[in-house]
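Contents: one structure, followed by commentary.
The values are calculated or read from the model by the stated rules, or taken from the named source; none is laboratory data. Since the structure is predicted, the reported quantities are computational estimates derived from the model, not experimental observations. Every residue, glycine as well, gets a Cβ built from its backbone with ideal geometry; the counts of neighbours run over all protein chains shown. What goes into the accessible areas is simple: the full protein's heavy atoms, side chains included, and nothing from ligands, DNA or RNA. Shrake-Rupley method; radii C 1.70, N 1.55, O 1.52, S 1.80 Å.
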Amino acid sequence: MDRIIRTLPPPSSLSVSVVSFLNAKLNEREDLEQAPALLSELRTQCHILDQSLSDLNTQLRNYLINHASHSDRTGALLRDIDAKLGDLQSASCSSSPDGGSGKVLGEELPALAKEVSRVNTVRTYAETALKLDTLVGDIEDAVSSTVKRTLRREPSTKSSEEMRSVAMRTLKLTEDTLRLVAKTHPQWTRLVSAVDHRVDRSLAILRPQAIADHRSLLTSLGWPPPLSTLNSLGPESKRSSDVQNPLFTVKGDLKQQYCDSFLALCSLQELQRQRKSRQLEGQNREIALHQPLWAIEELVNPISVASQRHFSKWVDKPEYIFALVYKVTRDYVDSMDELLQPLVDEAMLSGYSCREEWISAMVTSLSTYLAKEIFPMNVSQLDEESTSEKHLQARISWLHLIDQMIAFDKRVQSLASHSGILLSLQEDAKLEKLSSFSVFIDRPDWLDLWADIELTDAFDKLKPEIENERSWSTEVRGVAVLSAQEDNKSPAIASAFHQRFLAVIDRCRSLPSIELRSRFLKLAGAPIIHRFLGCLLFRCQEAEGLTALTDNDALMKVAKSVNAARYFESILKEWCEDIFFLEMGLNQDTSTDGNDFGSEESSGNGILYEEIKKLEEFRTGWVEKLSTVVMRGFDVCCRDYLKNKKQWQEKGEEGWMVSQSFVGALDYLQGKMSILEEGLNRVDFVGIWRSLAPGLDKLIFNGILMTNAKFSDGGVVRLSNDFSVLFGVFGAWCLRPEGFFPKLSEGLKLLKMGKKQLQNCLAGGEIWLKENGIRHLTAAESEKIAKNRI
């Protein structure tokens, strides 16, 4: 029994670490019962350490053998070179003056120089490989030591931090060496790849350990702060300067430990960034290189976890969720910048702002929660087979959520701009980080669903306006005025559609990328224009079908529709000159094949090119129909006038300046043009009379001057008076109306010529016609008119 009981050695012979270990494990008498288990655990750990030491010895022996092998090969190569140099010297001494030395210099010397260069390359490769092997070995040793200290759960982290610092310095030296090798010897890809593989294995251990230590330190500092101090979410809530950051209250060694840990994490991230930069050389590296700041993420993650306990209670009140996230973001943004930005600068982590990283990390955490919890719930409510009332309520909830997201993004981006962060349409990557709408980047199906809800809501709001007849007849002055200050005489319905489309564009602006904005506008905006165009076409076809546009009310109905199309077309053209629409148009042009929204015809003409083109085709088509209707009515009214050929051999009717049979046609023409002038916008009205004038010119020219009618002096005077009145109708809209009736004017000019001039006309042909200002009549037409003169 006495031989079984062994006395412990005196405490003075034990090391400090052993005494601390025994005090921790055997502090009470009852702990002695656990001694066998403790002994077994210690033996297991010793066995593991012995095995690790054996593996390290084997690895070291292999490294030494490889080094010796490289040295032997290098020595053999150098001895071979020495022998060849001796042979060269002897050959040079024994060479005759008949050109033997020239042969040696011309043939053997280049080969020898090539061999020397090869040997030098091999030596450099061996030295570089040995240096890198040593550095990687040091990294692995430091990482292994750090892990072992962590497994032993030693209370002090000072030695662990020192070993991690050693590993970081060695990693940086290794990366500098690899960068130099990749630049000077790009063919050594296998060597670089092998070293990268071993370094990656070490970093895969080092980074999680560093993050775990940083999290533990944050917990000991009291982070995250209790959200109970942030419950005041209204406009009277405290400003950021009134909320104390727990990191500021820490003093002494604990604060220094946090700063050192933050700096180490930033340095490790900068090292990773440099490695990625080297590995992605020659590729598009910007997106891959700029990753969120790890140390800021570790501050945000605990807050996000704590906040979600409150979020689960506010599923039906999303405004509370956004208010809480915004308040936390605002309250700590200034203190984060003041405390942590100097550490980021010290770590030489270029391109990072603590303000921006804090804001974007908070927004990202919110977007993640929306994508995991809120949006799936809303989608399931819309997909459920339920009554129309419940479906309507689900749509209202969706739109309310979108409203809250838009308001939140505006407040966050305002906070970012006050912090000195510049946002622009060209920086879509930065907008994505500061927008809760980034949830749609990975879920385009949700974007399509949102667009469908917005479109349905817009149609529901437009339906009463479409059915209200006053909306189609009442002009809205001041709304339909363009940049050129031209009143389009557009009906109120055009303004209603414009406001709905403008609301869709405002929603579209909240999306963080050009691709999303382009897709949303095509899904929710373009159908509004198509619906508007469909309503215009229906009204015009209805008017045409009832009266064939012979009724004045029908003309006014079509005129109002044309005005509405002109107004909307002009608005869209103005918008397409804005950078917001230009970028979407360029993105559409460069989209890949198979995109439903792109087309070759619209290339370079903007995102709304197809819609503008359809509006223009509708407007020009119905303007042409209006002109045709007036032309046909005039033709009917002046048919007797054109058939009466004898009147041109008679004097004018007594008391009449114009032929009585022509008065009705002129009255019809003036009446219809007055109605169109009153109802149509100025631009399209000009298009009508300018297209009508050539038609009348051709009609009357063929109906009078190209017939067999004979013209006496009195008939010429009578025809001149008739034409003057006709020109006078168009004189209200231009200074020289006769210029729009070239054939009638020149035909009348020929009829007024003397007998001698007409004879010269018959003899001179086209040359004489041009010399006398007759440019729109052919020689045959001029000859016929001249022969009809009595």
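Mind scanning Lys172/Lys433; Lys461/Lys557; Lys625/Lys743; Lys710/Lys755; Lys645/Lys784 and naming the pairs with a C-alpha gap bigger than 18 Å?
Long pairs (Cα-Cα over 18 Å): Lys172/Lys433; Lys461/Lys557; Lys625/Lys743.
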Accessible-area composition of region 263-403, carbon plus sulfur, in percent [1.4 Å probe] = 50
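Of Lys698/Lys770; Lys410/Lys522; Lys613/Lys672; Lys698/Lys787; Lys255/Lys317, which ones are farther than 27 Å apart at the Cα?
Pairs exceeding 27 Å: Lys613/Lys672; Lys255/Lys317.
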With every protein chain present, what is the per residue accessible area of region 622-743 (1.4 Å probe, Å²)?
-> 48
Would you work out if region 682-788 is rounded, prolate or oblate? Take a ≥ b ≥ c from the square roots of the eigenvalues of the alpha-carbon gyration tensor; rounded if a/c is under 1.5, else prolate when a/b is larger than b/c, oblate otherwise.
-> prolate
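If packing is taken as the average number of other Cβ atoms within 10 Å across a peptide's residues, how do 769-776, 633-640 rank, most packed first?
With the highest mean Cβ count within 10 Å placed first, the list reads 633-640, 769-776.
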Mean Cβ-within-10 Å packing, highest first, puts peptides 296-305, 247-256 in the order 296-305, 247-256
Determine the sum of side-chain charges near Ser782: Lys and Arg each +1, Asp and Glu each -1, restricted to other residues whose C-beta is under 14 angstrom from that of Ser782.
-> +3
Measure off 7 Å from each Cα along the Cα-to-Cβ vector at Ser117 and Val686, then give the distance between these two points in nanometres to one decimal.
-> 7.6
Work out how much length Asp141 to Met377 would gain on full extension: take 0.36 nm times their residue separation and subtract the Cα-Cα distance, in nm to one decimal.
-> 79.9 nm
